[in-house]
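The values are calculated or read from the model by the stated rules, or taken from the named source; none is laboratory data. The structure presented is a predicted model; accordingly, all values stated were derived computationally and were not measured. Positions of Cβ are backbone-derived with ideal geometry, glycine not excepted, and every protein chain shown enters the neighbour counts. Calculation scope for accessible area: heavy atoms of the full protein, side chains included, ligands and nucleic acids excluded. Shrake-Rupley method; radii C 1.70, N 1.55, O 1.52, S 1.80 Å.
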Amino acid sequence: MTIEYEAVIGLEVHAQLLTESKAFSSSSTNFGDHPNSNTDPVTLGLPGTLPVLNEKLVQYSVKMGLATNCKIRNRCGFARKNYFYPDLPKGYQVSQHEDPICYDGYVEIELDGEKKRIGITRIHMEEDSGKSIHDLDVDTLLDFNRAGVPLIEIVSEPEIRSSKEAYQYLTQMKQILLYLGISTGNMEEGALRCDANVSVMPKGSTVFGTKTEVKNLNSFRNVEKAIEFEIARQIELIESGGKVIQETRMWDGSKNQTLPMRTKETARDYRYFPEPDLPLLNLSDEFIDNIKSQLPELPLARKYRFVEQYSIPEYDAGVLVEDKELADFYENACELLENKNSKTYKLVSNWVMTEVLRLRSENNTTISELNIPDFVIPEIVSLIENGDISGKIAKEIFPEAIKNNKSPKQIVDEKGLKQVSDTGLIDELAKKLVEENPDEVEKYKAGRTRVVGFFVGQIMKETKGKANPQIVTDTVKKYLDN
């Protein structure tokens, strides 16, 4: 009998926080500075130094906890996590162990139109380690700029059942971090890192299999690929009579496979004990409520509101809310519309998702850095809706309006680009052309409907491209169908 398996996946997401100074010292957290320029005696663990907790680390951790429906501890402490790597200058990492600041939360994800709730076990505060550099043609180098940078670790419940769910969960996490403004979420710079705990079990079983932890996942796609590979590897191993061992594996993107690194450490291996140099943290209800009052509308909630308020498709809303700046830009454009209705809201959505995103991609920049004047898209949409210009003309004047900070309506007037919507003139031209081209009319009546394009083209040529194409098409068909 063939056994069907299902995956059990839990994700550990580390997010660097956007603070100006480190978790327990005043050193800068600026990315890209000269190696080892952002260090100090506290970061390096020199004798006689004492850590001082960065208040922003606490605020941002609580903010993320509230945004992911977690409970917040009013009283919690720090612990020393002991391990000996060259990039850990103190020989231990200040983290949290038994009493994380946030716990028992959840986020909702969407997959194939269905919602699923993924539990959050805990979110705890900690400091980052330094960086070992192995890829130069010299001995291993150490850069301690990253050491001590504030982190939160977000640990999910093992409730993810596929690589696609994992991808959606990570997407949701990154969007929340960006909406809160507490992390860049940039995986290339190491601001967002993910480890995946993967196991398999017979479908319908309640007993989890032995898990492996997969590291070195530097993109969402690699997370997806690594999970898929690991699921297949474990199933093949079990079915061939082997046994999955608890270990840490690394993802090799060049070979598209996971490779063993070391046996998996347990909490006991780290010899956790309370951090003696930091007092217990006491958070008042007032402190927590104040942060709660500052929470923005989160991406999934905003998506549902866009669908409801602007009557746009779920796909459009999903694209728009991926980037908070993009969603803000869309909403601002809708507010400035001359006529506010479902048609114009959809037109704005089309323009943002095509022309604005194209410009962002071509310039490799952010929405705000494109410096698109607020009035440009609302005016263009109004011109299209009123039949004053075609979509083609709109695309032609769009770059000029941005470059010169100029009103699209003014450009249309100055260049005489306004469409001819005079139905009398168009009717006269269509009637004349049909009468003068009986052969083409016969082709149309014989089923060659493309002939319509010939007549439309002639009228557009006659009006120097200014005739309203829709009116022209409708008028031509009226005479051809008689």
>> Quick check for me: using +1 on Lys/Arg Cβ and -1 on Asp/Glu Cβ, what's the dipole size of the chain about its Cα centre, in debye to the nearest 20?
In response: 580
>> List the GluC sites (Glu not before Pro) within the stretch 363-427 that DSSP assigns to loop and that have no more than 14 neighbouring Cβ atoms inside 10 Å.
In response: none
>> I'd like the projected area of the stretch 331-391, averaged over all directions, using the convex hull of its alpha carbons. Report it in nm² with one decimal.
In response: 4.0
> Relative contact order for the chain using alpha-carbon pairs under 8 Å, separation at least 6, rounded to a whole percent?
Replying inline: 13
> Just from its helices, what would the mean residue ellipticity at 222 nm be for the chain, if runs of 4 or more DSSP H residues each count -39500 (n - 2.57) and the sum is divided by every residue, rounded to the nearest 500 deg cm²/dmol?
Replying inline: -12000 deg cm²/dmol
> If one takes the longest principal axis of the Cα atoms in the chain, at what angle in degrees, from 0 to 90 and to the nearest 10, does the Cα axis of helix 220-239 lie?
Replying inline: 60
>> Given axes a ≥ b ≥ c from the Cα gyration tensor, I'd like to know whether the stretch 73-115 is rounded (a/c under 1.5), prolate (a/b larger than b/c) or oblate.
In response: oblate
> Among K406, K478, K164, what's the order by accessible area (1.4 angstrom probe), most exposed first?
Replying inline: K164, K478, K406
> Roughly what % of Cα-Cα distances in the stretch 302-342 sit above 14 Å, to the whole percent?
Replying inline: 42
> Could you state the per residue volume, in Å³, of the convex hull enclosing the Cα atoms of the stretch 107-175?
Replying inline: 134
> What relative contact order, as a whole-number percentage, does the stretch 103-183 give when Cα pairs under 8 Å and 6 or more residues apart are counted?
Replying inline: 30
> Ratio of Rg to Rh for the stretch 145-272, alpha carbon only, Kirkwood?
Replying inline: 0.98
> R0 = 51 Å: FRET efficiency of E108 with D439, Cβ-based, nearest 0.05?
Replying inline: 0.20
> When the accessible area of the stretch 1-138 is split by element with a 1.4 Å probe, what percent falls to carbon and sulfur?
Replying inline: 49
> In the stretch 314-408, what percent of the accessible surface is made up of carbon and sulfur (1.4 Å probe, ligands and nucleic acids excluded)?
Replying inline: 45
> Put +1 on the Cβ of every Lys and Arg and -1 on every Asp and Glu Cβ in the chain; which of F229, T475, L283 then has its Cα farthest towards the positive end of the dipole?
Replying inline: T475
> In 10 Å bins starting at 0, how do the alpha-carbon pair distances of the chain split up by percent?
Replying inline: 4, 15, 21, 20, 15, 10, 8, 5, 2, 0
> How many angstrom separate the Cα center of the stretch 331-400 from the Cα center of the stretch 135-181?
Replying inline: 35
> Which trypsin sites (Lys or Arg not before Pro) from the stretch 173-225 combine a DSSP loop assignment with at most 14 other Cβ atoms within 10 Å?
Replying inline: K203
>> Taking the Cα of K56, stepping 7 Å toward and past its beta carbon, and measuring to each backbone N in the stretch 168-193: which are under 13 Å?
In response: 181-184
> How much net charge surrounds E114 when only the other residues with a Cβ under 15 Å from the Cβ of E114 are counted, with Lys and Arg +1 and Asp and Glu -1?
Replying inline: 0
> Once all Cα-Cα distances of the stretch 344-448 are split into 5 Å bins that start at 0, what whole-number percent is in each one?
Replying inline: 2, 11, 17, 17, 13, 9, 8, 8, 7, 5, 2, 0
> Considering amide H positions built from the backbone, and no H for Pro or chain starts, which residues 5 or more places from A191, or on another chain, come under 5 Å of its amide H?
Replying inline: N186
> What is the local net charge at A147, summed over the other residues whose Cβ is closer than 11 Å to its Cβ (Lys, Arg +1; Asp, Glu -1)?
Replying inline: -1
> When all C-alpha to C-alpha distances in the stretch 201-322 are sorted into bins of 5 Å, what percent of pairs does each bin hold, rounded to whole numbers?
Replying inline: 2, 8, 11, 10, 9, 10, 12, 15, 13, 7, 3, 0
> Taking +1 at the Cβ of each Lys and Arg and -1 at the Cβ of each Asp and Glu, which of A7, A147, A23 sits farthest along the dipole of the chain towards its positive end, judged by Cα position relative to the Cα centre?
Replying inline: A7
>> Charges on Cβ only, +1 for Lys and Arg, -1 for Asp and Glu, centred on the Cα centroid of the stretch 177-221; of T206, I182, N216, which one is farthest towards the dipole's positive end?
In response: T206
> Name the chymotrypsin sites (Phe, Trp or Tyr not before Pro) in the stretch 74-146 that are in a loop by DSSP and that have at most 11 other C-beta atoms within 10 Å, would you?
Replying inline: F84
>> Can you tally the net charge around S156? Count Lys and Arg as +1, Asp and Glu as -1, for every other residue whose Cβ sits under 10 Å from the Cβ of S156.
In response: -2
> Solvent-accessible area per residue for the stretch 283-391 at a 1.4 Å probe radius, Å²?
Replying inline: 48
>> So for the stretch 276-329, averaging the separation of alpha carbon pairs under 8 Å that are six or more residues apart and normalising by length, what relative contact order in percent results?
In response: 25
> Over the stretch 233-304, what lengths in whole Å, largest first, do the semi-axes of the equivalent ellipsoid take, defined as the square roots of 5 times the eigenvalues of the alpha-carbon gyration tensor?
Replying inline: 41, 26, 12
